[in-house]
Amino acid sequence: MAVLPISDLLIWSFAGVLFGSLISWIPGFHIYNIIALLVAVFGVGELMPVQAFPFFAVGAIVAYAYVSAISSVYFSVADESAVFLLFPTQRYLLLGRGHEAVLLYLIGAVAGTLILVFSMLFIFPKVLPPIYQATSPYITYFLTAIVLFMFMSEWPKEGDRGKTVRERLWLAWRQILGGIFVFFLSGILGFIVMNTNILPTTSAYTRLTPMFIGFFGMSWVILNILSNPPMLPQKPEDKVESSIYNTLKASFGGALGGTIAAVYPIITGGMGALVAGHMTSQRGDDAFIISQGVNRVLYYVGAFSLLFLPNLRLTRGAGAWLVSSLYTPKSYSEYIAAVGVILLASGISFLFTYGLSKIIARSFNVMHTKKVSYFVAAVLVAISYLLTGWMGVVVLFVSTAIGLMAAAFNTRRSYCLGGLILPVLISMTGHTGAFMHLLGLG
Amino acid sequence: MRGFTHYISGLAAVTFFPSLVADLRMGILVPVIAAAAAYFPDFVDFKFGKFFARRDYEIDPAPWDEKKHYAPKLVKIKDLSEKNRYQFFAIEGVVEEILTKGSGTMSYEVFDEKGNVETVMEEYNTIVFTLSDGTGKITVEAFGDDYEIFEEEFGQIEEGKKMLVFGYVDIDPDGSLRFIVSDAPHPQGIADTIADAIEKAYEEGEKIVKIHNIRLPGDVYRRFWVHLDPPRREVRVEMGPIVTPGGVAIGGEPPEYRKFGIARVNVPFIKTYPKPTRIDSFSGPEIAFRRTKHQGKTVVKDRFLPWHHGFSHSMTMGVIIGIFVFLFAKLFGYSHATDLALASMIGQWLHVFEDQLGFMGSNLFPPITKDVIPGFKLGESGSGLTNFSTAWLMIALMIWNFNRFTDPRPIPIGDAKLLLYLIWPSMIGFGIAIAKSFKLRKEIAKLMDYYTNLEAFEELEEVGGI
């Protein structure tokens, strides 16, 4: 299949950035879900040439990696309750420093883009293939190790104030046990979704979508509605409190975590960040937000970019799987073009995110998050229905309940990744049949 | 070192055994036990040990509201007593009688960075009234900066007005309770209790103090520092700003007149680490004060987190883990039980060794050794440099071993050359850490100079020289 002329690639990449920018600031929306919906409803090949699809997707994913900062800073739960611990970005919002949090994130995102582009040009083509070849037979080992570490390293947030030893142990362990419970519950749901015909076979590429919308998107939106966060005035000034040292350290940690997550399957950005955070002993809210920016660019854009690398050809992430089902780039010229598109898309996304953050900071209390959340909840149900039918909506409700459980147990939300990790681990170790039998499904 | 650094050392230990690497390649994941063994010392200390640890003194400057799990706790007046002196609470009640309203001059002491005292005189406004909540009544006082904030919040205070007041409990000279309007507990209570614990430890041998942190609404924390000053024989507690769990200060500095608490200690004590103890997010520390000998004199020595780096962090424990893993693996018929047991033991030993690079040290060979062997002081446990250097070294060793034990080799270059390519970032990191550690050692040497002069200090005191 002939490679498209550069002018066409630019147009489609620009369309991708525009598309990604317009939807990525809405809470609960994930670029992979929306691209899947686009493919399912409109198809690719009629409106858009298939060779252009990877570049459209790069533009959209870059935009998502940047613009989603808006939803995570301005439209996430920020209640006063102690039941749920706040993310640093939420604390910034409560202090009227939402725009500063976005700027910190953007610093990270730009650093992440530069690291990614540099790595794509000078490191990935030479270093990644041999390292990947040497370590890829042991991916199950790494994956199991990271999951085990997630459980072992859960920091008990309570327990100190118990009056007796028994009470202290219970307060500490109810959170840890809650996390394990959420992981296995998610895992069982994931196993059922992946291995049974509960969802229509026509939604092969999107069968996990309602589950993930529920775990991370819908549960987030429901918490927004339940918590009724205060709409505090925000300062739209272009000022950040950080240091060069913190920025460099956070960029290094974020890049490390993002790269681990991008290269190895199933390991997500959050898991990569956990590992990298420990490795580099990262501390400080500013450093955390900056590293999130770096991490998400490396994780989302970096993972997708591996699809372009001719001597490695790794398909990482739902976006890459979706695109590769239609067209996989094959030449170095496409790889270099992708590098250019990443730079272009990053520039546009940066300006869009910055401008949007300014506008939102100035008019933060015009529209209440709660109202936006009702609208988003309805859209998420509609997406699930369109992609997977009524059973998809049922899966959405179950996974939403599990996502809410993680919040209620005050445990890591990433335990919901059990929905992906557990069935994959069972499959990798050849126990799918036995597990089906255990659940009474086969 | 941080948890993952230890954990990854266990993962790396496995890769030195060709039989275990072959198992991993076949999808047999049992060797991951070695990583768990490497992390086990911290797991057992932080998930169990800390909750079983004895607490002789429990300092809770701002008890949590039981429902909301943050301070201040909403209390009934009848529930307050002398025991609550300096603790931070909230009371909801009605203004019964305004006793005084006026202004005056107050004087208080402040400390500079070197601990020198300066007396400050300041004009202040004040209001004193009685508050009743149906269970009792208490005298409430707002003065100085707190008065300004109080007036801003409630406007004119009139009899019959209902209000929710924050502040700390104090005791009047006549023994009655008084509630002082503030946004933080008074640090004097913390200083007094620690000083008492040191004195009791001198008499009785050992006292363990648990200091709780101060969690406020919105997942933020009031930071405070405990300075142990052996040459001055003082415990100083400094109340700091409100900070996020990430350590960013977001304001709320207490006014100078209730920022410091200072307590005199009537027995000699020494401090083993040259920095004050900072308490903010996560959980508060435990400090053991133990009677010991220093240069032939009986003194009290502090030990941070006494339940940490004990038996779990010993080489002996590594042997026990090895035996346990061997028996477990044999029981389940795992064919490489010996190698797995050795990898697990080495993983745990690596943990002990890595921690020994820091300050706390460990009791390495119990029951032969009885006390902690001081660490090499190469860097603090939270140092990003040493953590990354160690973790990277382990990653490098894993890649190196995977390559060595695969035929044909995925990376077709010589072992020594590949190892050099892989480990150079760690070598640079360790080099910088060693260079940096000299500065810290200098600080500790300076601290030890203090203690060397301790005897002279006491002699001067006896003859009235100070």
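The values are calculated or read from the model by the stated rules, or taken from the named source; none is laboratory data. Nothing here was measured: the structure is a model prediction, and the numbers come from that model. Cβ: placed from backbone, ideal geometry, glycine included. Neighbour counts: every protein chain shown. To get the accessible areas, we keep the full protein, side chains included, count just its heavy atoms, and leave off ligands, DNA and RNA. Shrake-Rupley method; radii C 1.70, N 1.55, O 1.52, S 1.80 Å.
What number goes with the only condition from (1) crowded, with 21+ Cβ neighbours inside 10 Å; (2) free of Cβ contacts under 8 Å to residues at least 60 places away in the same chain that B:I323 does not pass?
Failing condition for B:I323: (1).
What about A:G389, is it in a helix (DSSP H, G or I), of a type outside the set (A, V, I, L, M, F, W, C), within 30 Å of B:G247 (Cβ to Cβ) and in contact with a helix residue (DSSP H, G or I) (Cβ under 8 Å, 6 or more places away or on another chain)?
So A:G389 fails the test.
Looking only at segment A:263-285, count every residue that is in contact (Cβ under 8 Å) with a residue 24 or more places away in the chain, open to solvent by 10 Å² or more (accessible area, probe 1.4 Å) and within 12 Å of another protein chain (Cβ to nearest Cβ) and tell me the total.
5
All but one of (1) away from chain B (no Cβ under 14 Å); (2) under 20 Å from the mean Cα position of the chain (by Cα) hold for A:P88; which doesn't?
Status for A:P88: all satisfied but (1).
Does segment A:335-353 hold any residues that are crowded, with 17+ Cβ neighbours inside 10 Å and under 18 Å from A:D238 (Cα atoms), and which are they?
A:S349, A:F350, A:F352, A:T353
In segment A:126-153, how many residues are closer than 19 Å to B:R25 by Cβ, aromatic (F, W, Y) and in contact with a helix residue (DSSP H, G or I) (Cβ under 6 Å, 6 or more places away or on another chain)?
The total comes to 2.
Output the number of the condition that A:L148 fails; it satisfies all remaining conditions of (1) at the interface with chain B (Cβ under 8 Å from one of its Cβ atoms); (2) more than 23 Å from the chain's Cα centre (by Cα).
Condition (2) is where A:L148 drops out.
If you check A:S243 against the conditions, is it within 13 Å of chain B (Cβ to nearest Cβ), closer than 29 Å to A:S119 by Cβ, of a type outside the set (V, I, T) and crowded, with 20+ Cβ neighbours inside 10 Å?
Here the answer is no, as A:S243 does not meet what is asked.
Among B:V165, B:V169, B:V226, B:V220, which is buried (at least 19 other Cβ atoms within 10 Å of the Cβ), outside the structural domain of B:F89 (by the TED database) and modelled with pLDDT of 90 or more?
Step by step, each of B:V165, B:V169, B:V226, B:V220 is checked, and only B:V226 is buried (at least 19 other Cβ atoms within 10 Å of the Cβ), outside the structural domain of B:F89 (by the TED database) and modelled with pLDDT of 90 or more.
Here is a list of conditions, (1) open to solvent by less than 30 Å² (accessible area, probe 1.4 Å); (2) more than 29 Å from the chain's Cα centre (by Cα); (3) of a type in the set (S, T, Y), and B:T5 meets all of them except one; can you say which number that is?
With (1) open to solvent by less than 30 Å² (accessible area, probe 1.4 Å); (2) more than 29 Å from the chain's Cα centre (by Cα); (3) of a type in the set (S, T, Y) applied to B:T5, the lone miss is (2).
Among the residues of segment B:66-80, write down those that are within 11 Å of another protein chain (Cβ to nearest Cβ), open to solvent by 20 Å² or more (accessible area, probe 1.4 Å) and either assigned to a helix (DSSP H, G or I) or in contact (Cβ under 8 Å) with a residue 24 or more places away in the chain (or both).
B:K68, B:H69, B:Y70
Just need a number here: residues in segment B:109-145 that are assigned to a strand (DSSP E or B) and modelled with pLDDT of 85 or more.
Step one: of segment B:109-145, the residues assigned to a strand (DSSP E or B) are B:109-111, B:117-132, B:137-143.
Filter once more, keeping what is modelled with pLDDT of 85 or more: B:125-132, B:137-143.
Number of matching residues: 15.
Look at B:R290 and say whether it is outside any loop (DSSP other than H, G, I, E, B), under 26 Å from the mean Cα position of the chain (by Cα), surrounded by fewer than 19 Cβ atoms within 10 Å (Cβ to Cβ) and among the basic types (K, R).
Yes.
Could you tell me which residue of segment B:11-39 is surrounded by the most Cβ atoms within 10 Å (Cβ to Cβ), considering only residues that are more than 8 Å from chain A (Cβ to nearest Cβ) and in contact with a His (Cβ under 8 Å, 6 or more places away or on another chain)?
B:A38
Out of all the residues in segment A:151-165, is one or more modelled with pLDDT of 90 or more, over 30 Å from B:Y421 (Cβ atoms), under 21 Å from the mean Cα position of the chain (by Cα) and polar (S, T, N, Q)?
Scanning segment A:151-165 turns up no residue that is modelled with pLDDT of 90 or more, over 30 Å from B:Y421 (Cβ atoms), under 21 Å from the mean Cα position of the chain (by Cα) and polar (S, T, N, Q).
Only residues that are within 13 Å of chain B (Cβ to nearest Cβ) and either without any contact (Cβ under 8 Å) to a residue 40 or more places away in the chain or not small (G, A, S) (or both): list them for segment A:223-234, please.
Selection gives A:P229, A:P230, A:L232.
I'd like the full set of residues that are within 20 Å of the chain's Cα centre (by Cα), open to solvent by less than 20 Å² (accessible area, probe 1.4 Å) and more than 11 Å from every other protein chain (Cβ to nearest Cβ), limited to segment B:230-266.
B:P230, B:V235, B:V237, B:M239, B:G240, B:P241, B:G261
Every residue in segment A:91-108 that is crowded, with 24+ Cβ neighbours inside 10 Å, at pLDDT below 90 and assigned to a helix (DSSP H, G or I), please.
A:Y92, A:L93
Under the condition of being farther than 18 Å from A:L148 by Cα and open to solvent by 60 Å² or more (accessible area, probe 1.4 Å), which residue from segment A:413-438 is nearest to the other protein chains (Cβ to nearest Cβ)? Steps first, answer last, please.
Just the residues of segment A:413-438 that are farther than 18 Å from A:L148 by Cα, to begin with: A:430-438.
Imposing the further condition that a residue be open to solvent by 60 Å² or more (accessible area, probe 1.4 Å) reduces the set to A:430-431, A:434, A:437-438.
Working: A:G430: 7, A:H431: 10, A:A434: 15, A:H437: 20, A:L438: 19 Å.
Selected residue: A:G430.
Here is a list of conditions, (1) among the charged types (D, E, K, R); (2) surrounded by fewer than 17 Cβ atoms within 10 Å (Cβ to Cβ); (3) assigned to a strand (DSSP E or B), and B:E152 meets all of them except one; can you say which number that is?
(3)
Take B:M106 and decide whether it is surrounded by 12 or more Cβ atoms within 10 Å (Cβ to Cβ) and either part of a strand (DSSP E or B) or of a type in the set (F, W, Y) (or both).
Considered against the rule, which asks whether it is surrounded by 12 or more Cβ atoms within 10 Å (Cβ to Cβ) and either part of a strand (DSSP E or B) or of a type in the set (F, W, Y) (or both), B:M106 comes out as yes.
Inspect segment B:410-420 for any residue being surrounded by 17 or more Cβ atoms within 10 Å (Cβ to Cβ), part of a loop (DSSP other than H, G, I, E, B), touching a helix residue (DSSP H, G or I) at 6+ places or on another chain (Cβ under 7 Å) and within 14 Å of chain A (Cβ to nearest Cβ) and give the result as yes or no.
Checked against the condition, which is being surrounded by 17 or more Cβ atoms within 10 Å (Cβ to Cβ), part of a loop (DSSP other than H, G, I, E, B), touching a helix residue (DSSP H, G or I) at 6+ places or on another chain (Cβ under 7 Å) and within 14 Å of chain A (Cβ to nearest Cβ), segment B:410-420 yields at least one hit.
Among the residues of segment A:95-132 satisfying the criterion of being touching a residue at least 60 places away in the same chain (Cβ under 8 Å) and touching a Pro at 6+ places or on another chain (Cβ under 8 Å), which is nearest to A:V339 (Cα to Cα)?
In this case the residue turns out to be A:A101.
Test of understanding: among B:F359, B:F365, B:F376, which residue is touching a Gly at 6+ places or on another chain (Cβ under 6 Å), in a loop (DSSP other than H, G, I, E, B) and more than 13 Å from chain A (Cβ to nearest Cβ)?
B:F359
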